[in-house]
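The values are calculated or read from the model by the stated rules, or taken from the named source; none is laboratory data. Fair warning: this is a prediction, and the values are worked out from it, not measured in the lab. Glycine also receives a Cβ, built like all others from the backbone with ideal geometry; neighbour counts cover every protein chain displayed. Accessible surface is based on the protein model in full, side chains and every heavy atom, while ligands, DNA and RNA are left aside. Shrake-Rupley method; radii C 1.70, N 1.55, O 1.52, S 1.80 Å.
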Amino acid sequence: MPRLDSEQQYPRSRGSRKLAGLAFVVAVGLLGAGCSGGQTGKASPTSPVSSSPAASPSLSPTPSPSPAATTSASAAAPRTYTQKELASRPCQALDARDLAALGIKGRGKQEVGDHGASCMWKLAGQSVSLAVDLPLSYARTMTKNGRVSQVPVGQHNAIQAEFQNICFIFVAVDDIDRLVGTTTIPERGVSQDGTCPAGASVAAAALTHLR
């Protein structure tokens with residue numbers, strides 16, 4: 001993830017910075033309350049749940065799946081990793097199917113920074129960098145002077161901050177002190193309109209590989 005000096009442009013008053021910081025802390029707190037627990041692919045506790053009574057158990061035997069169906073289901077399921085495993089190898093967060101679906105050509109480039117490893121891909125004129133184990137302090141710094149909002153990413157809630165043509169997205173999976181995050185920077189001459197969607201798409205695909 002690139003290191004940025006969030007104070008170098010567009011200075012704000014001390015009161016504005018405090019309000020922005022407070023808004024971010026409150027938003028991340030909501031993520032912690034609403035993020036899904038256990039399996040990453042499941043809906044969060046804040047998702048609507050059907051209140052209809054459970055169906056009566058059937059007396060008919062459940063047919064065993066055919067070998068072909070089992071093989072097909074296995075092939076469709078993405079490979080999953082623990083957050084710790086992906087933190088050291090973030091380029092594995094997107095597999096060949098993800099790259100094809102997102103229109104990314106070539107493998108990602110792994111980099112190492114102050115907060116561990118990240119992987120960078122080129123997506124529709126955007127440079128998207130993914131890190132899987134970011135501290136909350138980093139997210140606070142990177143979003144301090146940004147325009148912060150809460151957005152859906154896959155089946156999770158995320159914090160999005162737009163700052164100086166850069167889009168940061170942070171997702172709390174199980175622990176708000178260990179965040180999955182993307183940093184997206186448009187290439188020269190490319191519209192900024194696709195910056196946040198590109199980062200959100202990479203984050204959503206990566207989350208399907210977390211267990």
Fill in: Built amide H within the under 5 Å cut-off of ASP177, gap 5+
none
Worksheet item: Quick one: if you take sqrt(5λ) for each eigenvalue of the C-alpha gyration tensor of region 76-193, what semi-axes come out, biggest first, whole angstrom?
Response: 21, 19, 14
Practice prompt. Could you provide, to the nearest whole Å², the per residue accessible area of region 69-169 with probe 1.4 Å?
Written response: 49
Practice prompt. Determine the dipole magnitude for region 114-211: charges of +1 sit on the beta-carbon of Lys and Arg, -1 on that of Asp and Glu, nothing else is charged, the reference point is the Cα centre, and the result goes in debye to the nearest 20.
Written response: 140
Worksheet item: Hey, any idea what % of region 98-205's accessible area is carbon plus sulfur with a 1.4 Å probe?
Response: 48
